[in-house]
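Trainee: Below are the structure tokens for one structure; questions will follow.
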Amino acid sequence: MSPVSDSTNRVIPGPQETEEKIYHPSDGLFTDAHVPDFDAYLAIYKKSTEEPEEFWADVAQEFYWKKPPSGQMLQYNFDVNKGNIYIKFMEGAKTNICYNVLDRNVHERNLGEKVAYYWEGNSPTHHQTITYIQLLRSVCRCANALKLLGVKKGDRVAIYLPMIPELVYTMLACARIGAVHSIVFAGFSSESLCERIMDAQCNILVTADGVYRGDKLINLKKIASEALERCKESMDLCVQKCVVVRHHAFRTNSDASNKLQTPWDESCDIWWDDLMEGVSDECEPEWMDSEDPLFILYTSGSTGKPKGVVHTVTGYMLYTSLTFKYVFDYHHDDVYWCTADIGWITGHSYITYGPLANSATSVLFEGVPVYPHVGRLWEIIEKYGVSKFYTAPTAIRLLMKYGREPLQRFDLSSLRVLGTVGEPINPEAWLWYYDVVGQQRCPVIDTFWQTETGGHVLTPLPAATPLKPGSATCPFFGVQPAILNEHGEELEGEAEGYLVFRKPWPGIMRGVYGNQERFESTYFRKFPGFYVTGDGCRRDKDGYYWITGRIDDMLNVSGHLLSTAEVEAALTEHPSVAEAAVVSRPHTVKGECLYCFVTLKDHKEFNRTLMEELKRKVREKIGPIATPDFIQNAPGLPKTRSGKIMRRVLRQIARNEKDLGDLSTLADPKVVEVLFSQRCEAAA
Ligand code: WTA
């Protein structure tokens, strides 16, 4: 990095000489970096914010347009006092994202034989190599099959699949024909799946017979069928056809397939293989308007009902492509691996769309980090020569527990860049990632973003940004963060408060599906003129951003956002429960875990059986990720005189923090003592 001399003119001051340890990119590791140093970053950042129209027009030139962009690049309103909130990017231009990420690699760049994915199954004996031309053909076949089922532009298709190639084929097939995909993570329960299918009124569901996660068998089709039953019960069955992929694991292994339960409804269910038979592998893309919807992805909402975040074609395409290129400093000989599931936004943006737009070669991994042994991730890095690796703090903390030995068995010298996402990374995990995985050679790129932002918004760039463990550092191109206090006043310089953004970038969400009111009230009403992330944030003297965690009623378990309200709703469905309040408590691997207080109805007994039933209830309603670690019997809850539960106090009880501060607003302060005396020490 060059010395900082002109900090007065800088948008972002950049790190000065200081006592705190700053990590600089290794010499010689990035000789051909897209952004070679911090000054280069600042110069591009300046252009992106001062001349956004020109900046994004240049980026758009990299793509194919059926009808070229003309007129205004960006139109928006972020101020609820000035009318509806909207964001439009290159409206009127026509393109197709599937065409851009596949056909152009095959036909224009001559990369048909390049590997798009190395698929690595849950079992190390299952793997497959998929080139760009093969991917294109499979996607076209699937697109034609969906058309045969009557799927048209604008229709919603629900996808409930494990991490198998068919998941990528289906999502891209939707994008090709202009259908809107709604992918539901295959760890969600039948109830969560049903809720999402109904909210988006999907008419097709694509799922699989089953899947192994580690050594655990999951009867996916059974869960999917239960979900469709539920939809039927609420008289709201929109799904006409359910396409079922026969998973690799059950094709040849009769032992495994005997354990599988695959309920079948002749009028609705159809095997993927039967559907694809004889279908052509060529399919003309549907030319979409820039602002046509591309997908819906549900994320937890603080009211308990998930929100369908909507992304549109062009903005998302440009943004995921650009962030992928710069944030991982992607080059054509790289092998890139993101361990996320495509059921979350990280997989959408950085397994499917971003990497393919850059003609990347990626690993697509179905398994879990510790199966069949705790060195599985390191083994895969060696096997494929992975150079860019992207995972979550929770996985790093899990693997830290096994020490260095499992890594020493494998050659990790191919690694160049290590990324993390999902939650704030504690410095201890950061340093372990840096020292032990990256062998002090690779920068750790802590990327802050959300389902709503579409792509990275605060992030270092590998060769350019000096690193501080635990900081997501600086804004990406086009992104303008600000920090506000409780009164909505903007804070300058070193400060801590609400993280907001003052202008849209192309990848930002366009709305909540079918609910403009919720879109505006969740993200724009608190501070008119800004997009509100819901995260707290500190900016240090160098202009670096440090995410301090959620400041609403959300919690982050293993990098997955949950709302306290949705877990409370599950608990209070149990006939013995009168009231429930859920807070987070720190957890060494998951980051945060659920600590639940339940007040029982009169004469009901709190015992082990009840605890097990409550846990099952939450798993069934939401999914295994939401399983509570602690359940405490609460004869009463700390409430204000107006009846509002004081969560701050519950959080302190869960964390055993005795200094409770001002309790004068409590209706009955004695309840706090009782709860303290009965708090759970060990997980349930
Ligand atoms: C949290 C995941 C700190 C944050 C891409 C955010 C992070 C929420 C980071 C979004 C990070 C994500 N540092 N916190 N690097 N990345 N978060 O929608 O609270 O699943 O608002 O998107 O995760 O989670 P989501």
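Trainee: Within region 361-375, track down each residue that is out of contact with any helix residue (DSSP H, G or I) (no Cβ under 7 Å at 6 or more places or on another chain) and touching a residue at least 60 places away in the same chain (Cβ under 8 Å).
Mentor: Correct list: T361, E366, V368, Y371, P372.
Trainee: I'd like to verify a number: residues in region 571-591 that are surrounded by fewer than 21 Cβ atoms within 10 Å (Cβ to Cβ) and under 23 Å from the mean Cα position of the chain (by Cα), how many? Step through it out loud before you land on a result.
Mentor: Taking region 571-591 and keeping what is surrounded by fewer than 21 Cβ atoms within 10 Å (Cβ to Cβ), we get 572-576, 578-579, 585-589.
The next check asks that each one be under 23 Å from the mean Cα position of the chain (by Cα); those that pass are 585-589.
Of the residues in that region, 5 qualify.
Trainee: Still on this structure, I have one more. Mind checking whether some residue in region 369-389 is within 16 Å of the ligand (Cβ to nearest atom), under 15 Å from F328 (Cβ atoms) and buried (at least 24 other Cβ atoms within 10 Å of the Cβ)? Before you say what the answer is, go through the steps one by one.
Mentor: Keep residues of region 369-389 that are within 16 Å of the ligand (Cβ to nearest atom), which gives 389.
If we keep only those that are under 15 Å from F328 (Cβ atoms) as well, we get 389.
Subsequent filtering for residues that are buried (at least 24 other Cβ atoms within 10 Å of the Cβ) retains 389.
Looking through region 369-389, at least one residue is within 16 Å of the ligand (Cβ to nearest atom), under 15 Å from F328 (Cβ atoms) and buried (at least 24 other Cβ atoms within 10 Å of the Cβ).
Trainee: Restricting to region 243-258, what's the tally of residues that are closer than 30 Å to C202 by Cα and either surrounded by fewer than 21 Cβ atoms within 10 Å (Cβ to Cβ) or without any contact (Cβ under 8 Å) to a residue 40 or more places away in the chain (or both)? Let's see the steps before the verdict.
Mentor: To start, the set of residues in region 243-258 that are closer than 30 Å to C202 by Cα comprises 243-251, 257.
Subset that is either surrounded by fewer than 21 Cβ atoms within 10 Å (Cβ to Cβ) or without any contact (Cβ under 8 Å) to a residue 40 or more places away in the chain (or both): 244, 246, 251, 257.
The number of residues fulfilling the criteria is 4.
Trainee: Name the residues in region 393-452 that are hydroxyl-bearing (S, T, Y) and either surrounded by fewer than 19 Cβ atoms within 10 Å (Cβ to Cβ) or farther than 22 Å from S26 by Cα (or both), would you?
Mentor: As a first pass, look at region 393-452 and keep what is hydroxyl-bearing (S, T, Y): 394, 402, 413-414, 420, 433-434, 447, 451.
Answer for region 393-452, where residues must be hydroxyl-bearing (S, T, Y) and either surrounded by fewer than 19 Cβ atoms within 10 Å (Cβ to Cβ) or farther than 22 Å from S26 by Cα (or both): T394, Y402, S413, S414, T451.
Trainee: Here's something else I'd like to know. Scan region 430-442 for residues that are away from the ligand (no atom under 14 Å from the Cβ) and of a type outside the set (D, E, K, R) and jot them down. Show your work before the answer.
Mentor: First, the residues of region 430-442 that are away from the ligand (no atom under 14 Å from the Cβ): 431-432, 434-442.
Result: L431, W432, Y434, V436, V437, G438, Q439, Q440, C442.
Trainee: Being over 22 Å from L461 (Cα atoms) and either of a type in the set (F, W, Y) or touching a Leu at 6+ places or on another chain (Cβ under 8 Å) (or both) is the requirement here; does W337 meet it? Can you show your working first?
Mentor: Details: over 22 Å from L461 (Cα atoms): no; either of a type in the set (F, W, Y) or touching a Leu at 6+ places or on another chain (Cβ under 8 Å) (or both): yes.
For W337, the condition - over 22 Å from L461 (Cα atoms) and either of a type in the set (F, W, Y) or touching a Leu at 6+ places or on another chain (Cβ under 8 Å) (or both) - is not met.
Trainee: Another question about this same structure. What pairs come out if I take residues in region 586-612 that are more than 30 Å from L399 (Cβ to Cβ) and touching a residue at least 24 places away in the same chain (Cβ under 8 Å) and pair them with residues that are of a type in the set (D, E) and not in a helix (DSSP H, G or I) whose C-beta lies under 8 Å away, six or more apart or interchain?
Mentor: Close Cβ pairs (under 8 Å, with a partner that is of a type in the set (D, E) and not in a helix (DSSP H, G or I)) amount to V598/E579; T599/E579.
Trainee: Specify the residue that is nearest to the ligand (Cβ to nearest atom); the eligible residues are those in region 539-561 that are farther than 20 Å from T627 by Cα and aliphatic (A, V, I, L, M).
Mentor: Across region 539-561, the extreme among qualifying residues is I547.
Trainee: If you go through region 635-651, how many residues are without any contact (Cβ under 8 Å) to a residue 40 or more places away in the chain, closer than 19 Å to E681 by Cα and either among the hydroxyl-bearing types (S, T, Y) or surrounded by 20 or more Cβ atoms within 10 Å (Cβ to Cβ) (or both)?
Mentor: Summing the residues that are without any contact (Cβ under 8 Å) to a residue 40 or more places away in the chain, closer than 19 Å to E681 by Cα and either among the hydroxyl-bearing types (S, T, Y) or surrounded by 20 or more Cβ atoms within 10 Å (Cβ to Cβ) (or both) in region 635-651 gives 1.
Trainee: Exactly one of these conditions fails for E486: (1) modelled with pLDDT of 95 or more; (2) part of a loop (DSSP other than H, G, I, E, B). Give me its number.
Mentor: Answer for E486: the failing condition is (1).
Trainee: Turning to a different aspect of this structure: Within region 453-473, take every residue that is away from the ligand (no atom under 13 Å from the Cβ) and crowded, with 24+ Cβ neighbours inside 10 Å and give me the one that is nearest to L418 (Cα to Cα).
Mentor: Only one residue fits best here, namely P462.
Trainee: Oh, and also: Between a residue in region 450-469 that is under 21 Å from Y353 (Cβ atoms) and any residue that is basic (K, R) and away from the ligand (no atom under 12 Å from the Cβ), which pairs come within a Cβ distance under 8 Å, given they are 6 or more apart or on different chains?
Mentor: Sorted first by the residue in region 450-469, then by its partner, the pairs are P462/R416.
Trainee: For region 567-583, state whether one or more residues are within 14 Å of the ligand (Cβ to nearest atom), at pLDDT below 95 and polar (S, T, N, Q). Can you show your working first?
Mentor: First, pick out the residues of region 567-583 that are within 14 Å of the ligand (Cβ to nearest atom): none.
Checked against the condition, which is being within 14 Å of the ligand (Cβ to nearest atom), at pLDDT below 95 and polar (S, T, N, Q), region 567-583 yields no hits at all.
Trainee: Evaluate region 116-135: report whether one residue or more is over 30 Å from E366 (Cα atoms) and over 25 Å from the mean Cα position of the chain (by Cα).
Mentor: Of the residues in region 116-135, the ones over 30 Å from E366 (Cα atoms) are none.
No; the residues of region 116-135 include none that is over 30 Å from E366 (Cα atoms) and over 25 Å from the mean Cα position of the chain (by Cα).
Trainee: When you scan region 56-85, how many residues do you find that are touching a Gly at 6+ places or on another chain (Cβ under 8 Å), closer than 23 Å to M288 by Cβ and surrounded by fewer than 18 Cβ atoms within 10 Å (Cβ to Cβ)?
Mentor: So the count comes out to 3.
Trainee: Looking at the structure I just gave you, is D32 surrounded by fewer than 18 Cβ atoms within 10 Å (Cβ to Cβ) and in contact (Cβ under 8 Å) with a residue 40 or more places away in the chain?
Mentor: yes
Trainee: Okay, next question. Criterion first (among the β-branched types (V, I, T), more than 25 Å from the chain's Cα centre (by Cα) and modelled with pLDDT of 95 or more) does I164 satisfy it? Write out each step before concluding.
Mentor: Working: among the β-branched types (V, I, T): yes; more than 25 Å from the chain's Cα centre (by Cα): no; modelled with pLDDT of 95 or more: yes.
When the stated conditions are applied, I164 does not pass them.
Trainee: Right, next: Answer yes or no as to whether E496 is surrounded by fewer than 19 Cβ atoms within 10 Å (Cβ to Cβ), free of Cβ contacts under 8 Å to residues at least 60 places away in the same chain and not in a strand (DSSP E or B). Please lay out each step first, then the result.
Mentor: Details: surrounded by fewer than 19 Cβ atoms within 10 Å (Cβ to Cβ): yes; free of Cβ contacts under 8 Å to residues at least 60 places away in the same chain: yes; not in a strand (DSSP E or B): no.
No.
Trainee: Quick check on this structure: which one of L228, L237 is within 22 Å of S192 (Cα to Cα), more than 16 Å from the ligand (Cβ to nearest atom) and surrounded by fewer than 21 Cβ atoms within 10 Å (Cβ to Cβ)?
Mentor: Working: L228 fails: surrounded by fewer than 21 Cβ atoms within 10 Å (Cβ to Cβ).
Sole residue among the options that is within 22 Å of S192 (Cα to Cα), more than 16 Å from the ligand (Cβ to nearest atom) and surrounded by fewer than 21 Cβ atoms within 10 Å (Cβ to Cβ): L237.
Trainee: In addition: Are there any pairs, at least 6 apart or on different chains, whose C-beta atoms fall under 9 Å, with the first in region 544-556 and farther than 17 Å from T447 by Cβ and modelled with pLDDT of 85 or more and the second among the aromatic types (F, W, Y) and within 6 Å of the ligand (Cβ to nearest atom), and if so, which?
Mentor: Here the result reads none, with nothing in region 544-556 linked to a residue that is among the aromatic types (F, W, Y) and within 6 Å of the ligand (Cβ to nearest atom).
Trainee: Among the listed residues Y353, Y326, Y330, which satisfies the condition of being assigned to a loop (DSSP other than H, G, I, E, B), in contact (Cβ under 8 Å) with a residue 40 or more places away in the chain, touching a Phe, Trp or Tyr at 6+ places or on another chain (Cβ under 9 Å) and within 30 Å of G478 (Cβ to Cβ)?
Mentor: Details: Y353 fails: assigned to a loop (DSSP other than H, G, I, E, B); Y326 fails: assigned to a loop (DSSP other than H, G, I, E, B).
It is Y330.
The values are calculated or read from the model by the stated rules, or taken from the named source; none is laboratory data. Because the structure is a prediction, the values reported are computed rather than measured. Here Cβ is always computed from backbone atoms with ideal geometry, including for glycine, and neighbour counts include all displayed protein chains.
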